[in-house]
Every structure is written in structure tokens, then in C-alpha cells.
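Remarks on the structure that follows.
The values are calculated or read from the model by the stated rules, or taken from the named source; none is laboratory data. Since we're looking at a predicted model, the values are computed, not measured. When we count neighbours, we look across all protein chains shown, and the Cβ atoms used for this are built from the backbone with ideal geometry, even at glycine.
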Amino acid sequence: MESTLVLVKPDGVERGLTGQIMARIEAKGYVITKAKLETPSRELLAKHYEEHEGKPFYEPLLEFMSSGPVFAMQVEGNRVIEGFRSLAGATDPTEAAPGTIRGDLGRDWGERVQKNLVHGSDSTASAERELGLWFADA
Ligand code: DAT
Ligand code: MG
């Protein structure tokens, strides 16, 4: 059985979309096995987004992600890493296909960082690494 880290980002939590996003994950057949609401520290986010350090959107990304509570989940299922990425849609919510979380619920808000509602791990290695960061104590 595979596990992935899903985050409902501060924009999703603030807009009251956490329940809808959880419902889509469950309706697809995946199982939420851990969950917590937390405003992440910069230290955690720097580790989480280490692959993006130095990119132009890195600072705005860390600022946005630490701006309010994030709903973090461990989600399980066969091929859930790939499956949740597909459910989330393209990174840019304007380009994300209708039917996806970002395509149905997201848009461009004219900011330096893409507020795209959710994060999902992109490989088995990142899933293991990210679950270790976010659920270290659980
Ligand atoms: P994803 O979240 O689809 O895995 P990513 O890992 O490439 O995308 O980037 C992490 C986050 O950084 C992404 O969710 C939103 C932000 N981001 C990525 N590319 C961006 C860009 N070109 N301009 C603004 N924000 C960007
Ligand atoms: Mg990514």
C-alpha cells in the first residue's frame, strides 16, 4: 500500500474548501489515515520546498504557505501518489483541467505565487521524506 502527503494550503483552508477536498479524496476511494491542522514554521517549509530554493517564486511561496493554517493529511491507496496528482490537476489553476481540484476550485488571483489549493507528493521518495517532516511525531 502506498502513502502520500496531501496539504490543503492556506488559501484552501481560508476559503472553507477543506471538506470538499477531503470528500473528493474519499470519493475517489483513497483513505485518509492521519490529519492535522497546523500553521507551518518557515523551518519546516524550507525543508519541504528545498528543491525550489533559489527559484523566483521560492520566497513568496514560503511566505504564503506560512500565512495561516494548513490541513495536512496522510492518504493511502494503490498508486495514490500519481492518483492524487491527477485529482489535483496542473500546478497553474488557470490551466488545470475542469474536474480537478485546482481546475474546479482555483483561479489566478494576480499574485506572485500560484495559490493552487493543494500539495501532493510527486514520487515515492518525496512522499516518504515529506510524511516524515509533517508527521514526525505521529
Ligand atoms: P506542484 O505543487 O504542482 O508540485 P511545484 O512543486 O513545481 O508544483 O511547485 C511548488 C509550488 O510553487 C506550486 O504549487 C506553486 C508554486 N509555483 C510553482 N511554479 C510557480 C511559478 N512559475 N510561479 C509562481 N508560483 C509557482
Ligand atoms: Mg511539487
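Picking from residues in the stretch 91-127 that are surrounded by 15 or more Cβ atoms within 10 Å (Cβ to Cβ) and of a type in the set (Gly, Ala, Ser), the one that is nearest to ligand 1 (Cβ to nearest atom) is Gly120. Taking the conditions exactly as written (buried (at least 18 other Cβ atoms within 10 Å of the Cβ), in contact with a Gly (Cβ under 8 Å, 6 or more places away or on another chain), under 23 Å from Lys36 (Cα atoms) and not aliphatic (A, V, I, L, M)), does Phe71 satisfy them or not? It is true that Phe71 is buried (at least 18 other Cβ atoms within 10 Å of the Cβ), in contact with a Gly (Cβ under 8 Å, 6 or more places away or on another chain), under 23 Å from Lys36 (Cα atoms) and not aliphatic (A, V, I, L, M). Within the stretch 100-122, can you find the residues that are assigned to a loop (DSSP other than H, G, I, E, B) and either closer than 14 Å to Tyr49 by Cα or touching a strand residue (DSSP E or B) at 6+ places or on another chain (Cβ under 6 Å) (or both)? Residues satisfying the conditions are Val113, Ser121, Asp122.
The set of residues from the stretch 37-63 being more than 7 Å from ligand 1 (Cβ to nearest atom), within 19 Å of Gly110 (Cα to Cα) and under 15 Å from the mean Cα position of the chain (by Cα) comprises just one member, Leu62. Listed by first and then second residue, the pairs with beta-carbon distance under 6 Å, at least 6 apart or on different chains, first residue in the stretch 25-44 and assigned to a loop (DSSP other than H, G, I, E, B), second at pLDDT 95 or above and among the hydroxyl-bearing types (Ser, Thr, Tyr), are Pro40/Ser66. Taking the stretch 83-105 on its own, how many of its residues are away from ligand 2 (no atom under 13 Å from the Cβ) and in contact (Cβ under 8 Å) with a residue 40 or more places away in the chain? The total comes to 4. Every condition in (1) among the small types (Gly, Ala, Ser); (2) closer than 27 Å to Asp137 by Cα; (3) not in a helix (DSSP H, G or I) is met by Ala90 except one, and the failing one is (2).
Name the single residue that is farthest from ligand 1 (Cβ to nearest atom) among those in the stretch 65-83 being hydrophobic (A, V, I, L, M, F, W, C) and over 17 Å from Gly19 (Cβ atoms). Ranking the candidates gives Val80 first.
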